[in-house]
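Asks: Okay, handing you the structure first.
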Amino acid sequence: MSGIDPTPDSRTLFAEHALLPTGWARNVLLRWDGAGSLQAVQADAQPGSAPRAPGPVLPGMPNLHSHAFQRAFAGLTEYRAEAQDSFWSWRDLMYRFAARITPESLEAIATWLYVEMLEAGYTSVCEFHYVHHDRDGRPYADDATLSLALLRAARKAGMGITLLPVLYQTSGFGGKPPRADQARFIRSTDNMLALLQRLLPEARAQGAALGLAPHSLRAVPPDSLRVAVEGLTALDARAPIHIHIAEQTQEVDDCLAWSGQRPVQWLLEHAPVDARWCLVHATHMTPGEYAGAARSGAVAGICPTTEANLGDGIFDMPQWLGHGGAWGVGSDSHACVNAAEELLMLEYSQRLSLRQRNVLAGPDPQVGTALWTAAVQGGAQAAGRPVAGLAMGQQADFLALDAGHVALAGLPVQAMVSAHVFGSHRSSALHSLWVGGERRVQAGRHALHEAAAHGFIAARTATLQS
């Protein structure tokens with residue numbers, strides 16, 4: 001411990017077992033500074049007067065893809081509206097709901113969502129934010145009104161956030177004009193860059209990251225994509241860039257008709273894709289696209305429960321991993337808000353596709369441990385924030401499982417993450433959670449749980465009645 005400045009015991013935690021980037025370690029003392037940055041992660045330590053964790057400590061999970069307002073829409077499309085429902089029929093219904101969102105309702109919905117995320121093991125979120133304007137499509141007096149509502153919601157809940165304002169300009173490949181029900185989303189490229197400039201000091205003051213989300217190739221023409229990426233890079237050369245891509249087979253077909261290339265192929269050949277980029281979904285790729293996208297260093301943003309809910313298809317994870325690709329998970333439309341269940345769905349989708357078991361085990365044969373560790377690393381890269389796990393210089397974002405929980409009690413620690421991911425969903429084994437060294441969840445419950453839930457219900461009710 002020599003060379004480490006003493007800090008109050010409230011900035012320490014002792015864990016009998018902790019999952020470090022290198023694997024499990026025993027008797028780990030965590031110490032962080034007033035800014036919430038880990039200053040020591042010492043194995044084989046003595047606890048001293050540090051508080052003790054109630055069970056094994058895991059790094060907090062970054063959620064790399066979220067549309068917050070859609071949490072209030074969950075469950076409202078689970079009925080057959082057409083002879084064959086699809087993503088596109090779902091999208092039409094979602095647009096009708098998006099048309100009713102107000103700044104007040106967005107903040108209330110997002111606050112509850114972020115409380116839910118924290119209670120479910122997420123410690124940061126990448127918010128892919130595309131509802132920008134008033135209901136008639138006109139900008140608010142403060143053009144950043146809805147973005148600021150999301151930043152306030154994250155601050156109230158204590159959630160780390162990467163805010164990704166969405167650039168949306170066209171309704172289809174080849175510059176098709178936007179539809180009337182997309183009016184709230186539309187921005188010029190210059191207007192988007194002005195918004196980013198406006199938001200940058202607000203984000204930095206909160207410890208948030210700010211990036212850009214070109215919505216998709218069908219929604220952002222090539223020249224706009226180029227200028228927007230150049231403008232963002234001039235503002236912050238490390239800022240993350242997220243894009244929906246190759247989620248649907250129709251999208252692939254339309255891109256081929258427009259350009260003669262598939263979406264991921266086109267992007268890799270026409271944009272400076274590198275480790276700053278997150279390719280959200282990327283469900284439908286050829287072997288060459290898997291290889292090229294992984295080689296670029298971009299993160300694959302996989303949203304297993306949403307992709308299942310929308311009937312998107314199954315990402316070929318073994319092929320991606322075979323090329324050394326980085327990946328993380330997101331809850332996207334929030335049909336499910338649970339970090340463990342996203343990992344469960346990811347593994348189960350591979351099992352169903354390949355008719356095998358334990359497909360995504362890595363050097364560590366425990367599937368849960370392998371999934372959790374990789375998703376934290378890829379999610380941190382996509383977030384553009386120092387949230388890559390229990391290591392010095394990273395943010396003190398972590399959670400403690402309850403070693404006495406019925407799903408974990410009596411198990412060897414090496415099996416506990418798998419037990420949490422695959423066996424504790426009726427009653428979560430998550431006990432406590434910290435963000436930036438501040439405890440946000442205790443005994444499975446956030447301090448704002450009741451108030452935020454009531455606010456969410458009122459906002460959803462008002463939105464449906466408007």
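Asks: Report, by residue number, each residue of region 346-377 that is out of contact with any strand residue (DSSP E or B) (no Cβ under 9 Å at 6 or more places or on another chain) and part of a helix (DSSP H, G or I).
Replies: E347, Y348, S349, Q350, R351, L352, S353, L354, V367, G368, A370 - these are the residues of region 346-377 that are out of contact with any strand residue (DSSP E or B) (no Cβ under 9 Å at 6 or more places or on another chain) and part of a helix (DSSP H, G or I).
Asks: Within the set of pairs 6 or more residues apart or between chains, which connect a residue that is within 16 Å of G137 (Cβ to Cβ) inside region 79-102 to a residue that is surrounded by 12 or more Cβ atoms within 10 Å (Cβ to Cβ) and among the acidic types (D, E) with Cβ atoms less than 7 Å apart?
Replies: These pairs meet every condition: Y95/D181; A99/D181.
Asks: For residues that are of a type in the set (S, T, N, Q) and more than 22 Å from the chain's Cα centre (by Cα), tally how many sit in region 407-466.
Replies: Total meeting the criteria: 7.
Asks: Moving on. If you scan region 204-222, which residues turn out to be outside any loop (DSSP other than H, G, I, E, B) and under 24 Å from A98 (Cα atoms)?
Replies: Restricting attention to region 204-222, the residues satisfying the condition of being outside any loop (DSSP other than H, G, I, E, B) are 204-206, 209-210, 212-214, 222.
Within region 204-222, L210, L212, A213, P214 qualify.
Asks: If you take the residues in region 424-466 that are of a type in the set (K, R) and without any contact (Cβ under 8 Å) to a residue 12 or more places away in the chain, which one is surrounded by the fewest Cβ atoms within 10 Å (Cβ to Cβ)? Can you show your working first?
Replies: Step one: filter region 424-466 for residues of a type in the set (K, R), giving 426, 439-440, 445, 460.
Restricting the remaining residues to those that are without any contact (Cβ under 8 Å) to a residue 12 or more places away in the chain gives 426, 439.
Values: R426: 7, R439: 15.
Checking each candidate, the answer is R426.
Asks: A follow-up question, please. Just a yes or no: is a residue in region 69-91 in contact with a Ser or Thr (Cβ under 8 Å, 6 or more places away or on another chain), modelled with pLDDT of 95 or more, in a loop (DSSP other than H, G, I, E, B) and closer than 24 Å to L195 by Cα?
Replies: So far as region 69-91 goes, no, none of its residues is in contact with a Ser or Thr (Cβ under 8 Å, 6 or more places away or on another chain), modelled with pLDDT of 95 or more, in a loop (DSSP other than H, G, I, E, B) and closer than 24 Å to L195 by Cα.
Asks: Restricting to region 230-251, name every residue that is surrounded by fewer than 22 Cβ atoms within 10 Å (Cβ to Cβ), of a type in the set (A, V, I, L, M, F, W, C) and part of a helix (DSSP H, G or I).
Replies: A234, L235
Asks: Name the residues in region 180-201 that are under 19 Å from R135 (Cα atoms) and hydroxyl-bearing (S, T, Y), would you?
Replies: Passing the criteria: only S188.
Asks: Among the residues of region 156-183, which ones are within 23 Å of the chain's Cα centre (by Cα), surrounded by 21 or more Cβ atoms within 10 Å (Cβ to Cβ) and not in a strand (DSSP E or B)? First the steps, then the outcome.
Replies: Restricting attention to region 156-183, the residues satisfying the condition of being within 23 Å of the chain's Cα centre (by Cα) are 156-168.
In the following step, the residues that additionally are surrounded by 21 or more Cβ atoms within 10 Å (Cβ to Cβ) were identified as 157-168.
Once the filter is applied, which keeps residues that are within 23 Å of the chain's Cα centre (by Cα), surrounded by 21 or more Cβ atoms within 10 Å (Cβ to Cβ) and not in a strand (DSSP E or B), region 156-183 yields A157, G158, M159, Y168.
Asks: Considering only residues that are surrounded by fewer than 22 Cβ atoms within 10 Å (Cβ to Cβ) and not in a helix (DSSP H, G or I), look in region 294-311 and name the one that is farthest from the chain's Cα centre (by Cα).
Replies: The qualifying residue farthest from the chain's Cα centre (by Cα) is G311.
Asks: Evaluate the following for L199: is it surrounded by fewer than 23 Cβ atoms within 10 Å (Cβ to Cβ) and under 30 Å from A35 (Cα atoms)?
Replies: yes
Asks: Take S331 and decide whether it is touching an Asp or Glu at 6+ places or on another chain (Cβ under 9 Å), farther than 21 Å from I241 by Cα and in contact (Cβ under 8 Å) with a residue 12 or more places away in the chain.
Replies: Details: touching an Asp or Glu at 6+ places or on another chain (Cβ under 9 Å): yes; farther than 21 Å from I241 by Cα: no; in contact (Cβ under 8 Å) with a residue 12 or more places away in the chain: yes.
Judged against the criteria, S331 is not a match.
Asks: Restrict the check to region 253-261 and report whether at least one residue is surrounded by 17 or more Cβ atoms within 10 Å (Cβ to Cβ), acidic (D, E) and modelled with pLDDT of 95 or more.
Replies: So far as region 253-261 goes, yes, one or more of its residues are surrounded by 17 or more Cβ atoms within 10 Å (Cβ to Cβ), acidic (D, E) and modelled with pLDDT of 95 or more.
The values are calculated or read from the model by the stated rules, or taken from the named source; none is laboratory data. Computed from a prediction, not measured in an experiment: that's the story for all the values here. Note: ideal-geometry Cβ built from the backbone for every residue, glycine included; neighbour counts use all protein chains shown.
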